[in-house]
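See below for the structure under consideration.
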Amino acid sequence: MVQTLAAAGELQRDLQRELTYDGLRAAEAKGSKGGRRPAVATDKTDTVRTAYMEGRSIAALARDHGVSRGAIRTAIADLMPDHNGIAQEGTPALELPVTLDMPGKVADFLRAADLEPAERAALDQGVTVRRGQGYTLRITAVPAVHRQLLARCQPLDGGQGVPAVPAQRKARREYENRVTGLRNPA
């Protein structure tokens, strides 16, 4: 009885191995190759880093270069907002630009406001992204500029004799959540 069970187990293992090889051959015939996706080539790293700084998404860069998103993240690790680089003592940490989506109602309010040159430049260089009936403005700036823009749109919450419009208040809260999600300066 034990020999019969052992033979059945061996038959099952052989069948499984055969089916696995059949699947691998079929995938190879379709043009797929197994294994880990390649890393970003060293001669392409600068191109990937530049494209990321210009606002390209990690997924788009991975598709364009035929690598995984993890490989792209590895190539741009020090450019990402949550990077924990070792800072030398006595030197202030360098703030890198961060891309955030600002709701259109907030952007419209800020366009009519009195802004500092850095804030105005960030707003003017933003990319408009259509969202249903409205839009968002994709702004790339250092976190300090995002915080200043958030402070300037406080009147959207109402108060000081100005009535609050619920849609504007909600839009400001959305932007506030995105800005406060950034890592606070040390």
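Tabulated data for the structure shown
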{"item": "Breaking point among (1) over 23 Å from Arg138 (Cβ atoms); (2) under 27 Å from the mean Cα position of the chain (by Cα); (3) aliphatic (A, V, I, L, M), for Leu24", "result": "(2)"}
{"item": "Cβ-Cβ under 6 Å pairs, at least 6 apart or on other chains, the stretch 131-150 side under 18 Å from Pro117 (Cβ atoms), far side surrounded by 15 or more Cβ atoms within 10 Å (Cβ to Cβ) and among the hydroxyl-bearing types (Ser, Thr, Tyr)", "result": "Thr140/Thr99"}
{"item": "Hits in the stretch 101-146 (condition: in contact with a strand residue (DSSP E or B) (Cβ under 6 Å, 6 or more places away or on another chain) and either open to solvent by 80 Å² or more (accessible area, probe 1.4 Å) or more than 17 Å from Arg173 (Cα to Cα) (or both))", "result": "Ala122, Gly126, Val127, Thr128, Val129, Arg138, Thr140"}
{"item": "Residue that is modelled with the highest pLDDT, among those in the stretch 72-85 that are open to solvent by less than 80 Å² (accessible area, probe 1.4 Å) and part of a helix (DSSP H, G or I)", "result": "Ile72"}
{"item": "Condition met for Thr47 (hydroxyl-bearing (Ser, Thr, Tyr), at pLDDT 85 or above and either under 15 Å from the mean Cα position of the chain (by Cα) or under 30 Å from Gly126 (Cα atoms) (or both))", "result": "yes"}
{"item": "Residue within the stretch 50-71 that is modelled with pLDDT under 90, open to solvent by 90 Å² or more (accessible area, probe 1.4 Å) and among the aliphatic types (A, V, I, L, M) present", "result": "no"}
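Yes/no per residue for (1) at negative phi; (2) in a helix (DSSP H, G or I):
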{"site": "Asp14", "(1), (2)": "yes, yes"}
{"site": "Thr20", "(1), (2)": "yes, yes"}
{"site": "Gly35", "(1), (2)": "no, no"}
{"site": "Pro38", "(1), (2)": "yes, no"}
{"site": "Asp43", "(1), (2)": "yes, no"}
{"site": "Thr50", "(1), (2)": "yes, yes"}
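The values are calculated or read from the model by the stated rules, or taken from the named source; none is laboratory data. Remember, it's a predicted structure, so these values are computed and weren't measured experimentally. Please note: Cβ atoms are built from the backbone with ideal geometry, for glycine as well, and neighbour counts cover all protein chains shown. Calculation scope for accessible area: heavy atoms of the full protein, side chains included, ligands and nucleic acids excluded. Shrake-Rupley method; radii C 1.70, N 1.55, O 1.52, S 1.80 Å.
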